[in-house]
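Written below as structure tokens is the structure these notes are about.
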Amino acid sequence: MGPLRAGVRGEPADLGGRRARLVLAALLLEPDRPVPVHRLVDVVWPERPPASARTQVAIAVSGLRRAFREAGCDRHVIETVRPGYRIPAQAGSIDALDAEERISGARRLALEGRLDESAELYRCALALWDGPVLAGLRRGPIETGALRWEELRLTAVEEAAQAELALGRHHRLVGDLMGPVGEHPYRERLRALLMLALARAGRQSEALDVYSEGRRRLDEELGLEPGPELRDLQTAILRDDPYTHPRGVSYCAGSCGRALRWRRTAGPVRGVRSC
């Protein structure tokens, strides 16, 4: 996933100009569901659509169908259904749906305790992304729809990191998390996972630097303090809590998407996951 691309058995399809690409993107964001023509018009012309807008959408759809045929596709990729058009799920392979299916499978494997297989399936799912979804097609409805897939990617990164930590792969995980934390500096769950990976790799001072950087950005840019998850993890690292040492940990996976939870006890701080 990334910029809009399509192909037939390895042969790229010429999707045409921006108008056709916007129409195809809007249909792909709702696979197997009819998208009314008026919504496609709103995507292509956010303000003051021309009187011929519906006709021009029909021309764009016709051009897309021709592009798929010329690339060698013998299926109906875009169906005409009331009150508009639909891309049937069986028309072909849609990376977004493939990623969603692989992530669901990785979660099931994690719940079964098959963490090696789960981590591998998460990696396969994340490999389908090669940039922001539908990059370059700047329209409100397109960008809003694409946010769902970006959120899915980040959640998968976090869940994969938990599996990798449970498998003792903290050294490799450090490099995997630095990029996402830099791209999403306010996402505290990502930052906590990076801190824990660094601490377990024996890089406690760097883990505390990651905390300090997050705290500085939250304060200067949002006027906020770190949440309890980050604060308690910082305390655990400072106290050299056994949870921050390289060892096996309990793991919980699921679609709840909640962050790692920490709680104070009479003794050291212990990491807890709760759904």
When segment 1-22 is checked residue by residue, the ones that are touching a helix residue (DSSP H, G or I) at 6+ places or on another chain (Cβ under 6 Å) and assigned to a loop (DSSP other than H, G, I, E, B) are 1, 4, 13, 14, 15, 16
Within segment 117-137, of all residues that are at pLDDT below 95 and more than 17 Å from the chain's Cα centre (by Cα), the one surrounded by the fewest Cβ atoms within 10 Å (Cβ to Cβ) is 136
Scanning segment 66-86 residue by residue, those closer than 18 Å to residue 44 by Cα and under 30 Å from the mean Cα position of the chain (by Cα) turn out to be 78, 84, 85, 86
Within segment 209-240, restricting to residues that are more than 23 Å from residue 159 (Cβ to Cβ) and of a type in the set (A, V, I, L, M), the one that is surrounded by the most Cβ atoms within 10 Å (Cβ to Cβ) is 218
Residue 30 vs (1) loosely packed, with under 13 Cβ neighbours inside 10 Å; (2) of a type in the set (D, E, K, R); (3) within 26 Å of residue 125 (Cα to Cα): all pass except (1)
* Taking the stated definitions as given, is residue 146 of a type in the set (Gly, Ala, Ser) and surrounded by 15 or more Cβ atoms within 10 Å (Cβ to Cβ)? -> yes
For residue 232, are the conditions met, namely being in the same structural domain as residue 199 (by TED's automatic domain parsing) and either outside any helix (DSSP H, G or I) or in contact with a Pro (Cβ under 8 Å, 6 or more places away or on another chain) (or both)? no
If you go through segment 35-48 one residue at a time, do you hit one that is loosely packed, with under 15 Cβ neighbours inside 10 Å, under 29 Å from the mean Cα position of the chain (by Cα) and not in a helix (DSSP H, G or I)? yes
| In segment 128-142, is there at least one residue being in contact with a Pro (Cβ under 9 Å, 6 or more places away or on another chain) and either assigned to a helix (DSSP H, G or I) or outside the structural domain of residue 222 (by TED's automatic domain parsing) (or both)? | yes
Output yes when any residue across segment 185-208 is assigned by TED's automatic domain parsing to the domain that holds residue 236, touching a Leu at 6+ places or on another chain (Cβ under 8 Å), without any contact (Cβ under 8 Å) to a residue 12 or more places away in the chain and farther than 19 Å from residue 154 by Cβ, and no when none is. yes
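For (1) in a helix (DSSP H, G or I); (2) β-branched (Val, Ile, Thr); (3) under 25 Å from the mean Cα position of the chain (by Cα); (4) closer than 23 Å to residue 245 by Cβ, each residue gets a yes or a no:
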| site | (1), (2), (3), (4) |
| --- | --- |
| 182 | yes, no, yes, no |
| 186 | no, no, yes, no |
| 195 | yes, no, yes, yes |
| 209 | yes, no, no, yes |
| 212 | yes, no, no, yes |
| 220 | yes, no, no, no |
| 225 | no, no, no, no |
Out of (1) part of a loop (DSSP other than H, G, I, E, B); (2) modelled with pLDDT of 95 or more; (3) among the hydrophobic types (A, V, I, L, M, F, W, C), the one residue 59 does not meet is (1)
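The values are calculated or read from the model by the stated rules, or taken from the named source; none is laboratory data. The structure displayed is predicted, hence computed values, not measured ones. All Cβ positions, even for glycine, are placed from backbone atoms using ideal geometry, and neighbour counts span all protein chains on display.
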